[in-house]
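Just passing along the structure, written as structure tokens.
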Amino acid sequence: MRNSIVFLLIIVFVSACSFRSKSTATTEGYIIPQGISEEAKALYKQRAEMGKRNVNLMNPIVLRKARKHLDKNMLYAAKLSNPNVSAEEVIVNGVKAFWIRVPETKDDGNVILHAHGGAYVVGTAESIGTASRIATTTGMPILSVEYGLAPENPFPAGLNDMKKAYRWLIKNGYNSSNIVVYGESSGGGLTLATVLSLRDEGDPLPAAVAVMSPWTDLAGTGDTYTTLATHDLLLSWDMVKPAAKAYIGDNDPRNPLISPLFGDYKRFPPLLLQVGTRDILLSDSVRLAQTARKAGVEVTLDVWNGMWHVWQGVPNIPESKQATAEIAQFFKKHLK
């Protein structure tokens, strides 16, 4: 029963929202990866039994249901990770955000700025999501930003909200050397774009940046968008392409502040990228790591065998605990 509940959390974009969609994937010949935990294998087995569905998140009815179900289930997953996690609303430079804390949180001057995932069209900071486990493993307070979502708030609304939150931290006494930034999926792409924009505008930069399965190429040019299309537990290009269009609007999808893969990474902070071998965004991380290294950035590309898109937020699998523990170690290494 527990595995069934956790699996439903993973496929919330798919099964919870696709109430009238037909399956577009076959389970015939589906290979469950070896060398992963039994808990993770159980999720793959259920995925193979149910198949993966493609939905148009820009259908107004689907989008409304997606937002409702994702927020509810991500909060549930966060509470499974740590039932004592809390979210306190705060307004930062006119933008809503939430302080994410656990009882062990130490307010010692170090802080994490967070951009949640959700293909730029769903998700909320209040649902906590991966921040529950990151707060638990780091013992640091997290400022998670309720940035504007498309289609109501296309680019650059979310980017501007993230910069306002970062500058609020600086204004309120946090030194840039005591700030680290992280995000997952689209929030990972937004994290990278935020730091690139802050650098270009002359702001002091954070001590380090960590991204989980970041969406760095909204033009969709990566080869694993195709080669891993039938292997990712959660995503497909057909599912996220309409969301990308809604976020991009009339802008160039290769704009580095939309698709940070195409950015210049000179003077970028130390960077950790975590991605799985069963994630359609694998090529987004690999190519970004190559680009950043060429610019002289200290890059750690951490590729996880058999893992799917943003597995770090799934409760009760060893790989999630280990991955977030490594993020905590990375932050500790680079904070003063």
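What number, in percent, do you get for the relative contact order of the range 79-196 if the mean sequence gap of Cα pairs under 8 Å and at least 6 apart is divided by its residue count?
Dividing the mean separation by the residue count of the range 79-196 yields 32 percent.
Ranked from highest to lowest mean number of other Cβ atoms within 10 Å per residue, what is the order of the peptides 271-281, 323-333, 163-173?
271-281, 323-333, 163-173
Relative contact order (percent) for the chain, with alpha-carbon contacts under 8 angstrom and 6 or more residues of separation? List each step's numbers first, then the result.
Values: 731 pairs, mean separation 60.6, N = 336.
Relative contact order comes out at 18 percent.
Rounded, prolate or oblate for the chain? Axes are the square roots of the Cα gyration tensor eigenvalues, ordered a ≥ b ≥ c, and the cut-off for rounded is a/c under 1.5.
Since a/c stays below 1.5, the shape of the chain is classed as rounded.
Further question on the same structure: Roughly what % of Cα-Cα distances in the range 175-228 sit above 16 Å, to the whole percent?
On the way: 704 of 1431 pairs.
Above the 16 Å cut-off, the range 175-228 has 49 percent of its Cα pairs.
Next question, about the same structure. Name the long-range amide H neighbours of Leu113: under 5 Å, sequence gap of 5 or more, or other chain; modelled H, no Pro or chain starts.
Under 5 Å from the amide H of Leu113: Leu143, Val180, Val181, Tyr182.
To the nearest 20 debye, what charge dipole does the chain have about its Cα centre, counting +1 at the Cβ of each Lys and Arg and -1 at the Cβ of each Asp and Glu?
Taking the Cα centre of the chain as origin, the dipole is about 320 debye.
In whole angstrom, note down how far apart the Cα centers of the range 154-221 and the range 97-149 are.
13 Å
Can you compute 3J(HN,Hα) from phi for each residue in the range 317-328, using the Karplus curve 6.51 cos²θ - 1.76 cosθ + 1.60 with θ = phi - 60°, rounded to whole Hz and x for Gly and Pro?
Residue by residue, the range 317-328 yields 10, x, 4, 5, 5, 5, 5, 6, 5, 5, 5, 4 Hz.
As a footprinting exposure proxy, order Tyr44, Tyr182, Tyr76 by other Cβ within 10 Å, with the fewest listed first.
Tyr76, Tyr44, Tyr182
Which shape class applies to the range 193-297: rounded if a/c is under 1.5, otherwise prolate when a/b exceeds b/c and oblate if not, where a ≥ b ≥ c are the square roots of the Cα gyration tensor eigenvalues?
Working: a/c = 2.27, a/b = 1.44, b/c = 1.57.
Oblate shape, in that a/c is at least 1.5 and b/c is the bigger or equal ratio.
Can you give the direction-averaged projected area of the convex hull of the alpha-carbon atoms in the range 119-219, in nm²?
Computing the convex hull of the Cα atoms and averaging its projections yields 6.5 nm².
Something else now. Rounded to the nearest 20 debye, what is the charge dipole size of the range 120-202 about its Cα centre when +1 sits on each Lys and Arg Cβ and -1 on each Asp and Glu Cβ? Don't skip to the answer; put the middle values down first.
Working: 6 positive and 7 negative charges, 56 e Å.
I would put it at about 260 debye.
Also, I was wondering about something else. Let me spell out the model: positive unit charges on the Cβ of Lys and Arg, negative unit charges on the Cβ of Asp and Glu, origin at the Cα centre of the range 125-168. What dipole size does that give, in debye rounded to 20? Don't jump to the answer; show the numbers that get you there.
Details: 4 positive and 4 negative charges, 47 e Å.
Result for the range 125-168 is approximately 220 debye, rounded to the nearest 20.
Once amide H atoms are built 1.01 Å from N in the peptide plane, which residues 5 or more positions from Trp304, or in another chain, come under 5 Å H to H?
Under 5 Å from the amide H of Trp304: Val275, Gly276, Thr277.
Could you tell me which of the pairs Lys163/Lys294; Lys96/Lys294; Lys65/Lys106; Lys65/Lys171; Lys106/Lys171 are separated by over 31 angstrom between their Cα atoms in the structure shown? Kindly include the intermediate steps, with their values, before the conclusion.
Numbers: Lys163/Lys294 26 Å; Lys96/Lys294 37 Å; Lys65/Lys106 37 Å; Lys65/Lys171 38 Å; Lys106/Lys171 20 Å.
Distance filter (> 31 Å) returns Lys96/Lys294; Lys65/Lys106; Lys65/Lys171.
Related question: Given the options Glu39, Glu201, Glu146, which has the most mean-square fluctuation in a GNM of the chain, springs set between C-alpha atoms less than 10 angstrom apart?
Fluctuation is largest for Glu201.
I need the shape label for the range 242-336. Rule: rounded when a/c is under 1.5, else prolate if a/b > b/c, else oblate, with a, b, c from the alpha carbon gyration tensor.
Oblate is the answer for the range 242-336, as a/c is 1.5 or above yet b/c matches or exceeds a/b.
Give the relative contact order (percent, whole number) for the range 219-336; include only Cα pairs under 8 Å separated by 6+ residues.
That works out to 27 percent.
Rule-based calculations on the coordinates, nothing more; no lab input. This structure is a prediction, so every number in the text was calculated from the model and none was measured. Note that each Cβ is placed from the backbone with ideal geometry, even for glycine, and that neighbours are counted across all protein chains shown.
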